[in-house]
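Report on the following structure.
No value in this document is a laboratory result; all are computed from the given coordinates. Computed from a predicted model, the values in this text were never measured in an experiment. Glycine gets a Cβ as well: all are built from the backbone with ideal geometry, and neighbour counts include every protein chain shown.
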Amino acid sequence: MKLRHRVTADWASICVNFPYFIERQAPVSGESGLLQLDVTLNATAGKNQDLKVTVAGPAMSLCPCSKEIAEYGAHNQRCLLSASIRFHNIAHSVSVSELFQHMEQAASASVYSTLKRNDEKYVTELSYDNPKFVEDTVRDLALRLKSCDRISWFRCSTKNFESIHQHNAFAQIESKPN
């Protein structure tokens with residue numbers, strides 16, 4: 001806003017991309033590690049002010065079909081979750097960590113930078129008990145974001161890096177603007 005006035009412009013915008021690290025303890029052993037998220041902030045000031053926050057980070061998905069048909073297990077995928085949000089009021093925003101927590105809770109399981117064997121057992125069994133297609137993940141994330149009264153608009157997507165198919169799977173949902 002100050003820059004827009006300083007250069008006597010009707011509007012100004014800025015886009016900033018940066019890595020954001022969250023400390024994560026493994027679920028059983030408690031081993032600590034850093035998980036990298038990619039954050040993009042798009043801000044515009046003019047007649048109206050706008051802030052769009054985008055967070056992308058990893059999670060895990062387990063294929064419901066392979067669980068249903070296989071006698072010995074199911075195949076997992078690492079997925080890349082992405083969510084972009086706008087706020088009703090910039091003063092009442094959602095933090096990067098809070099947004100990523102919503103994102104992870106929509107997936108089959110979380111991803112960790114450091115895992116011991118007992119952690120691997122926990123994570124694979126958790127995902128096995130919570131199988132999801134890409135469309136299940138984005139639908140669940142969209143429901144979570146829609147229920148957050150601070151968010152006025154969102155777009156969420158996931159890309160599963162398939163482990164047994166040549167292709168990857170992708171799904172996206174965008175809310176109507178408010």
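Quick notes on this structure:
- For residue 152, nonlocal amide neighbours, meaning residues 5 or more places apart or on other chains whose placed amide H falls under 5 Å from its own, are 86, 87, 88.
- Degrees separating the helix 117-128 axis from the principal Cα axis of the chain, which is the longest one: 80
- Here the label points at residue 72 and residue 105, each 7 Å from Cα along the C-beta direction, are separated by 3.7 nm in the simple model.
- Stretch in the chain that is longest and holds no chymotrypsin sites (Phe, Trp or Tyr not before Pro) that DSSP places in a loop and that have at most 16 other beta carbons within 10 Å: 73-178
- Built amide H within the under 5 Å cut-off of residue 116, gap 5+: 29
- Percentage relative contact order, segment 60-178, counting C-alpha pairs under 8 Å, at least six apart: 34
- The chain, helix-only ellipticity at 222 nm - DSSP H runs n ≥ 4, -39,500 (n - 2.57), divided by all residues, nearest 500: -7500 deg cm²/dmol
- Filtered GluC sites (Glu not before Pro), segment 1-91: DSSP coil and at most 12 other beta carbons within 10 Å: 71
- Electrostatic dipole magnitude of the chain [Cβ: Lys, Arg +1; Asp, Glu -1; Cα centre; debye, to 20]: 840
- Acute angle (nearest 10 degrees) that the helix 134-146 long axis makes with the longest principal axis of the chain, alpha-carbon atoms: 40
- Fewest-first ranking of 10, 129, 136, using other Cβ atoms within 10 Å as the exposure measure: 10, 129, 136
- Fraction in percent of alpha-carbon pairs per bin - 5 Å, segment 26-87: 4, 13, 14, 13, 14, 13, 11, 7, 5, 3, 2, 1, 0
- Reachable lysines, given that their alpha-carbon falls under 29 Å from the alpha-carbon of residue 52 and they are not under 8 places away in the same chain: 2, 132, 146, 159, 176
- Packing-based exposure ordering (other Cβ within 10 Å, fewest first) of 132, 159: 159, 132
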